[in-house]
Amino acid sequence: MLGGRYQLVHRIGLGGMSEVWRGHDQVLDRPVAVKIMAPAVEGTLGQAGVELIRAEARSAARLAHPNVAGVHDFGTSPAPGRPDVPYIVMELVEGQTLSQHLASGPLDWRIGVRICAEVAAALAAAHAEQVVHRDIKPANVMLTPSGAKVLDFGIAAAVGAPEPDPDGPVMGTPAYVAPERFEGMPATPATDMFALGSLLYHCLAGRVPWTTRSHTELIHAQRYWDPEPLPALDGLPAEVLDLCFRCLRRDPRERPTALVAALLLAEAVDARVYVPLSDLQPTLPPWDERAAEEPTYIGEHAGHAEHAGRHRAD
């Protein structure tokens with residue numbers, strides 16, 4: 001039990017940074033996913049790492065988007081012989097990951113483009129909140145009946161934030177990590193766009209853009225070689241192909257934004273995506289402002305207040 005509230009049921013994922021459990025929120029009586037930081041990460045980051053993870057969880061919790069698995073809570077739990085263990089409580093998303101689907105080969109290009117349009121829309125929402133995912137890859141995209149869900153925003157970072165351990169390994173899966181990250185540059189929206197380009201390429205070709213024998217060769221290839229050509233795909237719009245390779249450009253300034261990618265990919269397959277419209281600032285109409293200032297009545301006055309409200313609305 002964590003926080004006197006979250007019962008751990010069984011482990012559903014294990015990685016180098018953390019482990020994920022299926023849990024049950026006993027207060028709200030609902031299933032949740034609980035991510036617990038791995039002991040090695042706790043030892044490396046210490047208390048500063050706990051505060052960093054708390055700040056990241058707060059940033060991720062601001063995201064409300066149909067293609068993002070939401071963050072519900074953050075806490076720490078005491079453990080024998082260890083400092084308090086930080087954990088993040090997230091929406092439990094049922095389905096199969098994109099990596100499980102890609103294990104059997106490339107997708108129909110229309111399906112792959114639709115999935116990447118939804119991932120790009122999720123990134124556009126995150127970038128509008130100055131949050132960078134840092135680890136877009138097939139294992140972090142869940143396919144559900146209602147569309148793709150991007151996982152692991154709970155360990156995202158603020159745009160331009162320095163790494164907690166500058167001398168440690170770069171966070172992310174090498175095939176999806178932008179080349180500038182290996183040069184010590186901080187995470188930016190452009191680094192997420194490189195990962196999106198690799199994701200789109202993988203969906204279309206059934207493999208990553210560079211075929212190498214080691215991570216060292218891969219880092220070298222990303223820095224000095226062009227991606228391998230995509231196979232010919234009947235009907236694939238030229239603008240989708242162009243977008244894919246623009247995302248994979250070495251210079252982050254030449255990569256498109258997530259908003260542009262989401263709209264272009266969605267149009268290519270006649271899909272609908274939800275993107276932030278930051279330029280539209282909603283304002284309250286005058287009646288709503290007056291209603292907000294009205295006192296709240298209870299008891300025997302409730303009926304009178306309701307009648308008065310209807311009168312003003314008419």
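Derivation of every value follows stated rules applied to the coordinates shown; laboratory data play no part. Every value quoted in this text rests on a predicted model; they were computed, and no experiment measured them. Reconstructed Cβ throughout: ideal geometry from the backbone, glycine too, with neighbour counts over all protein chains shown.
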Can you list the trypsin sites (Lys or Arg not before Pro) in the range 239-272 that are in a DSSP coil and have 14 or fewer other beta carbons within 10 angstrom? 272
Computed E for residue 11/residue 214 - FRET, C-beta separation, R0 41 angstrom, nearest 0.05: 0.85
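What does the highest-first list of 177-189, 226-238 look like by mean Cβ count within 10 Å?
Values: 177-189: 19.5, 226-238: 12.4.
Descending packing order for the listed peptides: 177-189, 226-238.
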Residue 290 versus residue 144, label points 7 Å from Cα toward the beta carbon: distance in nm? 4.2
Simple spin-label estimate for residue 54/residue 30, 7 Å along Cα→Cβ, in nm, reads 2.4
Quickly work out the residue 103-to-residue 239 label distance, labels modelled 7 Å from Cα along the C-beta direction, and quote it in nm with one decimal. 3.6
What FRET efficiency comes out for the pair residue 223/residue 267, r = Cβ-Cβ distance, R0 = 25 Å, nearest 0.05? 0.15
Length gained when the stretch residue 277-residue 94 is fully extended (0.36 nm per residue, less Cα-Cα span): 63.0 nm
